[in-house]
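**Student:** The structure is given below, and queries will be raised subsequently.
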Amino acid sequence: GQQLNQSPQSMFIQEGEDVSMNCTSSSIFNTWLWYKQDPGEGPVLLIALYKAGELTSNGRLTAQFGITRKDSFLNISASIPSDVGIYFCAGPAGTYKYIFGTGTRLKVLA
Amino acid sequence: NAGVTQTPKFQVLKTGQSMTLQCAQDMNHNSMYWYRQDPGMGLRLIYYSASEGTTDKGEVPDGYNVSRLKKQNFLLGLESAAPSQTSVYFCASSSPQFPWEQFFGPGTRLTVL
């Protein structure tokens, strides 16, 4: 079946640093989604991407839809302590069905 | 607006016991979902409901049943709990206009002994 692999699995960074993470799929997607899960909460949608090559920003977050349509990237600039959490990529696996990646756990050191 | 609410927040069961996890949304969304989250596995879809009265299996439906009798409620049942069902369960909902934007509840942490 379809799989989404996220890299890195976890990362510690210093406050103020930029962060990059990526997600790769075994099949082509026509939509890429990035969610963030705060500790003890449910995921919240950050960014949605709809076509290859698209670059979309949400504040300090920027996501890109890969040209091959099998990958996507998320960058966080000037990280702050509240950026801590798990970041998930997701994509459609059929009508109403979405699959989620394994997540990148981000920890920010003040 | 409360958004998506889930009850209970925590639950401990013994193997073989049954229970129902409840989910409610007040956004008038057509679609609702149940996921489970296990360490290192991300979120996996158990069941979903495209609209009131309809349900379909997701990736990991075995051992679960669901009910969507009212548009605002989606129930997840465990008929005979097993330790492998220890997990955090999330309910989500979405509108037909933006099906990819799923709104998640706060989760139910279930432990099966």
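The values are calculated or read from the model by the stated rules, or taken from the named source; none is laboratory data. Values in this document were obtained by computation on a predicted structure and should not be read as measured data. Note: ideal-geometry Cβ built from the backbone for every residue, glycine included; neighbour counts use all protein chains shown. Accessible surface areas use protein heavy atoms only, side chains included; no ligands, DNA or RNA. Shrake-Rupley method; radii C 1.70, N 1.55, O 1.52, S 1.80 Å.
**Student:** What are the residues whose amide H is under 5 Å from the amide H of B:S31, where those residues sit 5 or more places off or on another chain and H is modelled from the backbone?
**Tutor:** B:S94
**Student:** Given points 7 Å out from each Cα along the Cα-Cβ axis, report the B:S51 to B:K9 separation in nanometres with one decimal.
**Tutor:** It is 3.6 nm.
**Student:** Continuing with this model, one more query. Skip the ligands, DNA and RNA, and give the accessible area per residue of chain B with a 1.4 Å probe, whole Å².
**Tutor:** Value returned for chain B: 47 Å² of accessible area per residue.
**Student:** Still on this structure: Calculate I(q)/I(0) for chain A by the Debye formula, one identical point scatterer on each C-alpha and no solvent, and give its log10 at q = 0.22 Å⁻¹ to two decimals.
**Tutor:** -1.20
**Student:** List the residues of the range A:40-54 that lose 10 Å² or more of accessible area once all protein chains are present, compared with their chain alone (1.4 Å probe, heavy atoms only, no ligands or nucleic acids).
**Tutor:** A:G40, A:E41, A:G42, A:P43, A:L45, A:Y50
**Student:** Continuing with this model, one more query. Scattering from the C-alpha atoms of the protein assembly as shown alone, worked out with Debye: what is log10 I(q)/I(0) at q = 0.08, 0.11 1/Å?
**Tutor:** Ignoring solvent entirely, the Cα scatterers give -0.28, -0.54.
**Student:** Right, next: What ³J(HN,Hα) values, in whole Hz, does the Karplus curve 6.51 cos²θ - 1.76 cosθ + 1.60 give for the range A:26-34 when θ = phi - 60°, with x put for Gly and Pro?
**Tutor:** 7, 9, 6, 10, 9, 8, 10, 10, 10
**Student:** Can you list the residues of the range B:37-65 whose accessible area drops by at least 20 Å² going from the chain on its own to the full set of protein chains, with a 1.4 Å probe?
**Tutor:** B:Q37, B:G40, B:G42, B:L43, B:L45, B:Y48, B:A50
**Student:** For B:Q72 and B:F98, what does the FRET efficiency come to when R0 = 25 Å and r is the distance between their Cβ atoms, rounded to the nearest 0.05? Can you show the working numbers first?
**Tutor:** On the way: r = 18 Å, r/R0 = 0.73.
E(calc), rounded to 0.05, equals 0.85.
**Student:** Between A:N5 and A:I67, what length in nm is gained on full extension when 0.36 nm per residue of separation is reduced by their alpha carbon distance?
**Tutor:** Gain on stretching A:N5 to A:I67: 20.6 nm.
**Student:** Another question about this same structure. For labels at A:E54 and A:S26 in the simple 7 Å Cα→Cβ model, what's the distance in nm?
**Tutor:** 2.6 nm
**Student:** Give the Cα extents of the range B:1-100 along the principal axes, in whole Å, largest first.
**Tutor:** Answer, in whole Å and largest first: 40, 25, 24 Å.
**Student:** Strictly over 31 Å apart at the Cα level, which of B:K9/B:K57; A:K97/B:K70; B:K9/B:K70; A:K70/B:K71; A:K36/A:K70; A:K70/A:K107 would you flag in this model?
**Tutor:** Over 31 Å apart, Cα to Cα: A:K70/B:K71.
**Student:** Between B:R109 and B:N1, what is the label-point separation in nm under the 7 Å Cα-to-beta-carbon projection?
**Tutor:** So the label points at B:N1 and B:R109 sit 2.8 nm apart.
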